[in-house]
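A short reminder: the numbers here are calculations on the coordinates, not readings from a lab. Only a predicted model underlies this, so the values are computations on that prediction, with no experimental measurement involved. Cβ coordinates were reconstructed from backbone atoms using ideal geometry, including for glycine residues, and neighbour counts include every protein chain displayed.
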């Protein structure tokens, strides 16, 4: 499925979402556009990725799915023993 995804800075990304058939490795994957996203955001192992969709009503009154993507990075700072996270968009 080809998706138009928006990040936390409202930048749009085109990603292809693929669900593997049963019995083939685990879970869904992003294919086309994913490497460009990873490179642009300087993602690294350990970053926490959240992808979600929700319905919005567009100008003509129809419902449409809007897809969002967020990436957070655990920091060395902790609160009550748990690591705090920061949105990778604001780590420059």
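Relative contact order (percent) for the chain, with alpha-carbon contacts under 8 angstrom and 6 or more residues of separation? In percent, rounded to a whole number, it is 23. Once you have the Cα-Cα distance between residue 38 and residue 54, take 0.36 nm times their residue separation minus that, and quote the gain in nm to one decimal. Length gained between residue 38 and residue 54: 3.5 nm. Gain on full extension, evaluated as 0.36 nm per residue between residue 20 and residue 65 minus their Cα-Cα distance, stands at 14.0 nm. As a proxy for reagent exposure, ranking 15, 77 by other Cβ atoms within 10 Å from fewest up yields 77, 15. Spin-label model, residue 12 to residue 47: label points 7 Å out along the Cα-to-beta-carbon direction sit 2.2 nm apart.
Evaluate segment 2-90: find the radius of gyration of its Cα atoms, find its Kirkwood radius, and give the ratio Rg to Rh. Dividing the radius of gyration by the Kirkwood radius yields 1.04. Comparing 71, 38, 58 in a Gaussian network model of the chain where C-alpha atoms under 10 Å apart are linked, the largest mean-square fluctuation is found at 58.
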